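Here the structure is laid out as structure tokens; the discussion comes afterwards.
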Amino acid sequence: MENFFEVIAAFFKNIAAVFTAILVALGIMTPKPEEPKISQTTVAVIEPFGSIRTVEGGCTDGRFVYQILIDPDAQSGVPCRLVKIDIQNWKVTEASEELKMDHANDMTYDEANNLLVVSNNKPNFTTITFVDPSNLTVRGTKTISRKIYSIVYVGSEKCWYAGISNSCDIVRFDENFKELGVIDNPENNYTRQSLGSDGEYLYSLFYNPNIIFRYDLKGNPQGYAVLPDYENEAENIFFIEGAMYVGYNIIKADAGGFIARIDNAKFSADAPIPEPTTKTTTTKPATSSQKAA
């Protein structure tokens, strides 16, 4: 009997679809427009510097974009290069000398002090490094109270948010890195990458698949969106005039990366969260220094 009702329901559904198509064809009914799908457009290419080839942290000050590349094969004292990209033409205008910032897993712009702030991560999880954006030189370092893998400064709140290592939780600091509280989040098996903010929401970026979880500034979940790129590794996320950008590492070529603008990102709170995937299989396995914690 249950199958009978299912057949009847399917029959009437098909009749309704046919009837709607006839009304549209006669011009009596306007078809419902399709909702735009999430898409990405490459805006800049990040070339490697020999063995310094893996894109990690990235951010913007609203005028330039900054991206860090590291040598993923280095066992200690990982050398990094920092590139500066003009958003008017999306060309690299300057590159730093070799810097020592460990894994340099994430980076944010401190608008209050005009500094780039790097989450060193592995192996110095409690270290952050301050970089002068005008000449791409290190201004100093600071040891904070938590081991972190990501960081973002939110000017509207005058505070820092950081992803806690080996966790999906987010710690909130005041401007002087005094801890204000922790946002508890359920664990997942994705690779932890970056934090970004548009001033209204927090965006926590993960990989495998490339997925973004959104929260309000108090930490309340606001859904998630899966990025359309299954071939490359999303490393960092930032915003320019409300538009979302993601810095990618080209994992198959193992040769630099690119920046993409993300359009039509819809954050769903209803759909089931996808399981970690192996669609992004690399031709070269990631070394231990490539993995943030």
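If packing is taken as the mean number of other Cβ atoms within 10 Å per residue, what is the order of 61-73, 123-135, highest first?
In descending order of packing, they fall as 61-73, 123-135.
Give me a comma-separated list of calculated 3J(HN,Hα) values for region 270-275, in order, Karplus coefficients 6.51, -1.76, 1.60 applied at θ = phi - 60°, integers in Hz, x for any Gly or Pro.
Here the 3J(HN,Hα) series is 9, 5, x, 6, x, 6 Hz.
How many angstrom separate the Cα center of region 171-247 from the Cα center of region 58-108?
Answer, in whole Å: 19.
Between their Cα atoms, which of LYS84/LYS122; LYS91/LYS266; LYS37/LYS84; LYS84/LYS142 are more than 26 Å away from each other?
Check vs 26 Å cut-off fails for LYS91/LYS266; LYS37/LYS84.
Name the long-range amide H neighbours of ILE251: under 5 Å, sequence gap of 5 or more, or other chain; modelled H, no Pro or chain starts.
Amide H neighbours of ILE251: GLU233.
Apply the Karplus curve 6.51 cos²θ - 1.76 cosθ + 1.60, θ = phi - 60°, to the phi angles in region 104-117 and return the couplings in whole Hz, x for Gly and Pro.
For region 104-117, the Karplus curve yields 6, 5, 8, 8, 9, 9, 8, 5, 5, 10, 6, 9, 8, 10 Hz.
The numbers here are math on the coordinates, done by the rules we state, and not lab data. Since this is a predicted model, take the numbers as computed values, not measurements. Glycine gets a Cβ as well: all are built from the backbone with ideal geometry, and neighbour counts include every protein chain shown.
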